[in-house]
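**Q** Handing you this structure, nothing more for now.
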Amino acid sequence: MTTQLVQAAPVSPGVSSARRNPWLVAGGIAAVALVAWPWTAGQFVLHLAILACINVVIVNGLSLIDRSGQLSFGHSAPVALGAYGSVMLASMAGMGVIWSAGLALGMVALVAGLLGWVILRLKGVYFVLVTFAFAELVRLALLDAVSFTGGANGIAAIPPLQIGDWTFDTRERFYALALTLALASVALLVWLFKRPLGQAMDAVAANPALAESTGLNVLRIQIVAYAAGSVLAGLGGVLIARYIGFISPESFNTSASVAFITMLVIGGRKSLYGPVLGALVLTPLPELFRGAVQTQHMFYGAALILILRFLPGGIASVLKFKRQPGSPT
């Protein structure tokens with residue numbers, strides 16, 4: 001009588017990893033539920049979710065600059081340039097939304113590249129002060145160019161975003177777009193920091209002199225990071241203009257730059273997912289204190305101090321992901 005040997009089918013690495021780490025599966029399910037929840041939670045939650053997604057895109061740009069060794073205190077400037085540039089090109093030059101947004105982001109990249117070539121030779125507090133001055137210069141220029149920008153009155157009645165036959169004129173639709181771009185920006189950074197260019201940025205941030213001695217062009221790498229981070233910020237500005245339907249110079253003041261830095265620091269500067277966590281926490285936080293008009297800033301400041309005191313590495317430091325060797329943080 002013949003016998004048949006039954007060989008067990010091999011278990012794929014993904015399934016084996018999921019069995020060994022059930023928290024990974026639970027985290028994935030929770031993430032999917034969190035992403036889908038705003039569609040069923042009402043218009044107010046949907047509004048906050050859209051703002052959080054836009055902030056993720058903007059703060060990812062700031063994170064990219066920071067990961068190259070420089071921290072910009074004027075991140076509101078490329079946001080403003082992206083917002084005003086796309087709207088003005090569409091209204092004055094008669095361009096479509098996509099073409100006007102693409103050209104505006106190209107202009108943001110050009111301005112950031114030229115500016116970076118000049119100011120990225122500065123280090124530490126000097127770079128911070130120059131970026132702050134540039135952001136104020138952009139804001140004042142927008143205030144003074146009344147015939148083009150509307151001055152302090154801003155630009156109102158901005159048409160909703162339209163891509164082909166799709167018009168993103170409802171919060172449900174715009175949330176889908178903002179969520180897609182937010183996830184794409186996160187995926188871009190994850191992909192980048194697995195590549196030699198991203199690893200070179202980390203090396204430049206860790207020790208510029210040592211990176212230069214190994215043959216890396218520190219200035220060129222930082223210019224690339226500054227321009228790419230500014231383009232992400234400009235994309236956030238395009239989304240703000242088309243979603244809110246109104247922009248003014250005061251929408252991009254110093255408080256906006258401080259908010260972006262705070263999101264990055266609270267979420268975790270050393271983590272690729274820090275901007276996501278920072279935006280998810282700090283975007284709705286002011287709304288929770290909205291009822292306490294006189295003391296909301298005190299509550300907001302206290303919450304930030306407590307997070308920084310007990311979580312110096314940001315919220316991302318709480319998450320204990322098991323990383324493979326060579327994977328980005």
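The values are calculated or read from the model by the stated rules, or taken from the named source; none is laboratory data. Quick caveat, the model's predicted, so the values are computed rather than measured. Note that we place each Cβ from the backbone using ideal geometry, even for glycine, and neighbour counts take in every protein chain shown. To get the accessible areas, we keep the full protein, side chains included, count just its heavy atoms, and leave off ligands, DNA and RNA. Shrake-Rupley method; radii C 1.70, N 1.55, O 1.52, S 1.80 Å.
**Q** For segment 91-133 and segment 231-250, what is the centre-to-centre distance using only Cα atoms, to the nearest Å?
**A** Cα centroid of segment 91-133 versus Cα centroid of segment 231-250: 14 Å apart.
**Q** In addition: Using 7 Å Cα-to-Cβ label points, what is the L122/T180 separation (nm, one decimal)?
**A** Roughly 3.9 nm, to one decimal.
**Q** When the scattering of segment 95-234 is computed by the Debye formula from its Cα atoms alone, each counted once and equally, what is log10 I(q)/I(0) at q = 0.11, 0.12, 0.15 Å⁻¹?
**A** -0.59, -0.70, -1.00
**Q** Work out from phi, with θ = phi - 60° and the Karplus expression 6.51 cos²θ - 1.76 cosθ + 1.60, the ³J(HN,Hα) of each residue of segment 138-150, listed in order in whole Hz, and give x for Gly and Pro.
**A** Once rounded to whole Hz, the list reads 5, 5, 5, 5, 5, 5, 7, 7, 4, 5, 9, 9, x.
**Q** Which FRET efficiency, nearest 0.05, do V318 and D144 yield, Cβ-Cβ r, R0 56 Å?
**A** Between V318 and D144 the formula returns 0.75.
**Q** Given axes a ≥ b ≥ c from the Cα gyration tensor, I'd like to know whether segment 100-150 is rounded (a/c under 1.5), prolate (a/b larger than b/c) or oblate.
**A** In terms of gyration-tensor shape, oblate.
**Q** Just from its helices, what would the mean residue ellipticity at 222 nm be for the chain, if runs of 4 or more DSSP H residues each count -39500 (n - 2.57) and the sum is divided by every residue, rounded to the nearest 500 deg cm²/dmol? If you can, show how the numbers build up before the last one.
**A** Working: 15 runs with 219 residues, N = 329.
Only helices count here, giving -21500 deg cm²/dmol.
**Q** Right, here's the next one. What list of ³J(HN,Hα) values in whole Hz, one per residue of segment 158-174 in order, does the Karplus curve 6.51 cos²θ - 1.76 cosθ + 1.60 (θ = phi - 60°) give from phi, with Gly and Pro shown as x?
**A** Karplus values, whole Hz, x for Gly and Pro: 6, x, x, 5, 9, 10, x, 8, 9, 10, 8, 9, 10, 5, 4, 5, 5.
**Q** Which of the listed residues, L235, P22, G69, is farthest toward the dipole's positive end in the chain, when Lys, Arg count +1 and Asp, Glu count -1 at the beta-carbon?
**A** The residue sitting farthest along the positive end of the dipole is P22.
**Q** What are the ³J(HN,Hα) couplings of segment 301-306, residue after residue, when phi is run through the Karplus curve with 6.51, -1.76, 1.60 and θ = phi - 60°? Round to Hz, x for glycine and proline.
**A** Using θ = phi - 60°, the values come out as x, 5, 5, 5, 4, 5 Hz.
**Q** Let me ask another. Heavy atoms only, probe 1.4 Å: what % of the accessible area of segment 35-104 goes to carbon and sulfur, would you let me know?
**A** Details: 1710 of 2280 Å².
It is 75 percent, rounded to a whole number.
**Q** Classify segment 29-158: rounded, prolate or oblate, from the alpha-carbon gyration tensor (a ≥ b ≥ c, eigenvalue square roots; a/c under 1.5 rounded; otherwise prolate if a/b is larger than b/c)? It would help to have the intermediate numbers written out before the result.
**A** Numbers: a/c = 2.02, a/b = 1.19, b/c = 1.69.
Oblate, because a/c is 1.5 or more while a/b does not exceed b/c.
**Q** Let me ask something additional. Compute the distance in nm between two label points, each set 7 Å from the Cα along the Cα-to-Cβ direction, one at D169 and one at L285.
**A** Distance between label points: 3.7 nm.
**Q** Express the carbon and sulfur contribution to the solvent-accessible surface of segment 150-197 as a percent, rounded to the nearest whole number, probe 1.4 angstrom.
**A** On the way: 1720 of 2720 Å².
Whole-percent figure for carbon plus sulfur exposure: 63.
**Q** Between A30 and L216, what is the spin-label point distance in nm, taking each point 7 Å from the Cα along the Cα→C-beta axis?
**A** Between A30 and L216, the simple spin-label model gives 3.4 nm.
**Q** Would you please classify the overall shape of segment 25-64 from the alpha carbon gyration tensor, given that a ≥ b ≥ c denote the square roots of the eigenvalues, rounded means a/c under 1.5, and beyond that prolate means a/b larger than b/c while oblate covers the rest? Mind dumping the intermediate values first?
**A** Numbers: a/c = 4.91, a/b = 1.23, b/c = 4.00.
The shape class here is oblate.
**Q** Dipole magnitude of the chain about its Cα centre, charges +1 at Lys/Arg Cβ and -1 at Asp/Glu Cβ only, in debye to the nearest 20?
**A** Details: 19 positive and 10 negative charges, 218 e Å.
Computed charge dipole of the chain: roughly 1040 debye.
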